[in-house]
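S.K.: I'd like to ask you about the structure that follows.
Derivation of every value follows stated rules applied to the coordinates shown; laboratory data play no part. Since the structure is predicted, the reported quantities are computational estimates derived from the model, not experimental observations. With ideal geometry, Cβ positions are generated from the backbone for all residues, glycine too; neighbour counts draw on all protein chains shown.
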Protein chains: 2
Amino acid sequence: MARWEPNAQLRLVRAAIDLFTEQGYDSTTVAQIAERAGLTKTTFFRHFPGKREILFAGQEVHSRLFADGIAAAPDSAAPLEAVAMALDTATAAFTSEQRDFGPRLQAVIAANTDLQERAAFKAVRLAAAMTDALRKRGVPEPAAILAADLGVRAFGRAFDRWVEPSSQRSFTELAREELQELRAAALALG
Amino acid sequence: MARWEPNAQLRLVRAAIDLFTEQGYDSTTVAQIAERAGLTKTTFFRHFPGKREILFAGQEVHSRLFADGIAAAPDSAAPLEAVAMALDTATAAFTSEQRDFGPRLQAVIAANTDLQERAAFKAVRLAAAMTDALRKRGVPEPAAILAADLGVRAFGRAFDRWVEPSSQRSFTELAREELQELRAAALALG
């Protein structure tokens, strides 16, 4: 087997989601995932620390995209405008294949408490990355935390809508719309 | 050993937090916790499914108190007023011993990724309990989700302040104050 494996990470993700869907998450081993992907276990562990992390591979990338998007917003941007720009950056990085994976990914996570805990922690880390980036712009607490929470909620709600088979709209467009709705709800709190 | 063990659950929590602090979470076994509490492993497993759940024993109780507090709010109460009443109910149930445990509990969780994931999931469950209770009052989405998120944030931030050794104020008072600050930040989003 060649030392350089083209698209090894994506092949492992595809194989894992297929196997988790076919035979369940708990019944699937790293060896089976590697074999289905046509790769070795050694290659698997060069990309992921274990089978669980395949499902949360995006955490670091999304955290960085959120933070970079906020940092790149003009100085004049209000906190929620900076969050909207971060959502633009992060959602634009998603591929149509990630959209196709969506419903199966959600089904695997929904069936397993450990994965739900991991998903909750991913949301906490995304919110922390945005909160830090907003603090660096001089946004005080608790406004930075609140704006970051709205961003994470908008991201999650837009993802759920985007991966629906009947969905016709872009992830970016849906995330902008969800953020606007959350903002309107925040202003209506009274 | 008597079949009826007075305060068994609290004795197990005390023993667990002492042992986790003394020798670390990973090095502590259920048998050690039971022994320190003067109880058997069988008694332990009557109260908790495992050592990890000792640290999150409050999740079900707090979820119920939050939901009950929201349900008990008068029909005229706005969503965030209902959340404030839920915080009153939930925070009033905390004892001074829980306050004393606070810093050690936080240190144990901060040192362990698995416990941080579990804590994130607890926050998700508390928010879901409040969101459901708000929906039952007719609060639409995403206002129900937003109000619940503010409640969970206020609860967590107030807890952190309450357990500081120098703190002089009640948990309830701090939670009310944090909720007010988050509300003000929401209205200032513009």
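S.K.: Please say if the protein assembly as shown is rounded, prolate or oblate, where rounded means a/c under 1.5 for a ≥ b ≥ c the square roots of the C-alpha gyration tensor eigenvalues, and otherwise the choice is prolate for a/b larger than b/c and oblate otherwise?
M.R.: Working: a/c = 1.86, a/b = 1.11, b/c = 1.67.
Cα axes put the protein assembly as shown in the oblate bin.
S.K.: Sorted from shortest, what are the nm distances separating the label point of B:Glu22 from equivalent points in the other copies, each placed 7 Å from Cα along Cα to C-beta?
M.R.: 5.1
S.K.: Find how many whole Å separate the alpha carbon centroid of the range B:155-178 from the alpha carbon centroid of the range A:111-167.
M.R.: Distance between centres, Cα-based: 25 Å.
S.K.: Taking the Cβ of A:Phe44 as the centre, find all other residues whose Cβ is under 14 Å away and add up their charges (Lys, Arg: +1; Asp, Glu: -1). Write down the numbers at each step before the final one.
M.R.: On the way: positive: A:Arg11, A:Arg14, A:Arg36, A:Lys41, A:Arg46, A:Lys51, A:Arg52; negative: A:Glu5, A:Glu35, A:Glu53.
Cβ neighbours under 14 Å give a net charge of +4.
S.K.: Hey, what number do you get for chain A at 222 nm if only DSSP H runs of n ≥ 4 count, each worth -39500 (n - 2.57), divided across all residues, to the nearest 500?
M.R.: Numbers: 10 runs with 139 residues, N = 190.
That calculation yields -23500 deg cm²/dmol at 222 nm.
S.K.: Given a Förster radius of 56 Å and the C-beta distance between B:Val30 and A:Asn7 as r, what FRET efficiency does 1/(1 + (r/R0)^6) yield to the nearest 0.05? Walk me through the intermediate numbers first.
M.R.: On the way: r = 45 Å, r/R0 = 0.80.
Efficiency at R0 = 56 Å is approximately 0.80.
S.K.: I would also like to ask the following. Neighbouring Cβ atoms within 10 Å as the yardstick, rank B:Asp149, A:Asp68 fewest first.
M.R.: Values: B:Asp149 24, A:Asp68 15.
Ranked by crowding around the Cβ, least crowded first: A:Asp68, B:Asp149.
S.K.: Something else about it: Based on the Cβ-Cβ distance of B:Lys41 and A:Glu22, what FRET efficiency does E = 1/(1 + (r/R0)^6) give at R0 = 56 Å, to the nearest 0.05? Present the calculation step by step, with values, prior to reporting the outcome.
M.R.: Values: r = 39 Å, r/R0 = 0.69.
So the FRET efficiency works out to roughly 0.90.
S.K.: From the label point of A:Leu10, set 7 Å along Cα to the beta carbon, how far off in nm is each other copy's matching point, shortest first?
M.R.: Computed spacing set for this position: 6.0 nm.
S.K.: Here's a follow-up. Distance from the Cα centre of the range B:86-100 to that of the range A:1-78, in angstrom?
M.R.: 42 Å
S.K.: Counting only other chains, and only Cβ atoms inside 10 Å, what mean value do you get across the residues of A:77-84? Show your work: numbers first, answer last.
M.R.: On the way: counts 0, 3, 4, 2, 1, 0, 1, 0.
Across A:77-84, the average partner-chain Cβ count within 10 Å equals 1.
S.K.: Hey, what angle do you get for helix A:113-136 against the long axis of chain A, alpha-carbon based, 0 to 90 degrees rounded to 10?
M.R.: On a 0 to 90 degree scale, this one is about 40.
S.K.: How would you rank B:Arg157, A:Arg52, going from fewest to most other Cβ atoms within 10 Å of each one's own Cβ? Please list the in-between numbers first.
M.R.: Working: B:Arg157 20, A:Arg52 14.
Final ranking by Cβ density, sparse to dense: A:Arg52, B:Arg157.
S.K.: Then there is this: Per residue of B:173-183, what is the mean number of Cβ atoms on other protein chains within 10 angstrom of that residue's Cβ?
M.R.: On the way: counts 0, 0, 0, 0, 0, 1, 0, 0, 4, 8, 5.
For this peptide, the per-residue mean of nearby foreign Cβ atoms is 2.
S.K.: Indicate the gyration tensor shape class of chain B (rounded, prolate or oblate), computed on the Cα atoms with a ≥ b ≥ c the square roots of the eigenvalues: a/c under 1.5 is rounded; otherwise a/b larger than b/c is prolate and the rest oblate.
M.R.: Values: a/c = 2.24, a/b = 1.88, b/c = 1.19.
Taking the square roots of the gyration eigenvalues as a ≥ b ≥ c, chain B is prolate.
S.K.: Follow-up. What residue among B:Asp100, B:Asp160, B:Asp26 has the largest mean-square fluctuation in a Gaussian network model of chain B, using Cα springs under 10 Å?
M.R.: Top of the fluctuation ranking is B:Asp26.
S.K.: Return the average number of partner chain Cβ atoms within 10 angstrom of each residue Cβ along peptide A:121-129.
M.R.: Numbers: counts 9, 2, 3, 7, 2, 0, 1, 0, 0.
What the average comes to for A:121-129 is 3.
S.K.: A further question follows. Which of the pairs A:Lys51/B:Lys122; A:Lys122/B:Lys51; A:Lys122/B:Lys41; B:Lys41/B:Lys122 have their Cα atoms more than 27 Å apart in this structure? Show your work: numbers first, answer last.
M.R.: Numbers: A:Lys51/B:Lys122 23 Å; A:Lys122/B:Lys51 23 Å; A:Lys122/B:Lys41 34 Å; B:Lys41/B:Lys122 25 Å.
Correct reply: A:Lys122/B:Lys41.
S.K.: Still on this structure, I have one more. Tell me the trypsin sites (Lys or Arg not before Pro) within the range A:160-190 that lie in a loop according to DSSP and have at most 14 other beta-carbon atoms within 10 Å. Intermediate results must be reported in sequence, preceding the final value.
M.R.: Details: sites: A:Arg161, A:Arg169, A:Arg176, A:Arg183; in loops: A:Arg169.
Loop-located and lightly packed - A:Arg169.
S.K.: Separate question: Quick check for me: using +1 on Lys/Arg Cβ and -1 on Asp/Glu Cβ, what's the dipole size of the range A:108-187 about its Cα centre, in debye to the nearest 20?
M.R.: Values: 12 positive and 11 negative charges, 57 e Å.
That gives a dipole near 280 debye.
S.K.: Taking the label point 7 Å from Cα in the Cβ direction, how far apart in nm is B:Phe45 from each other copy of itself, listed shortest first?
M.R.: For B:Phe45, the inter-copy label distances come out at 3.2 nm.
S.K.: On to the next question. Please name whichever of B:Pro103, B:Ala71, B:Ala37 sits farthest to the positive end of the charge dipole of the range B:1-127, dipole taken about the Cα centre and charges placed at Cβ: Lys and Arg +1, Asp and Glu -1.
M.R.: B:Ala37
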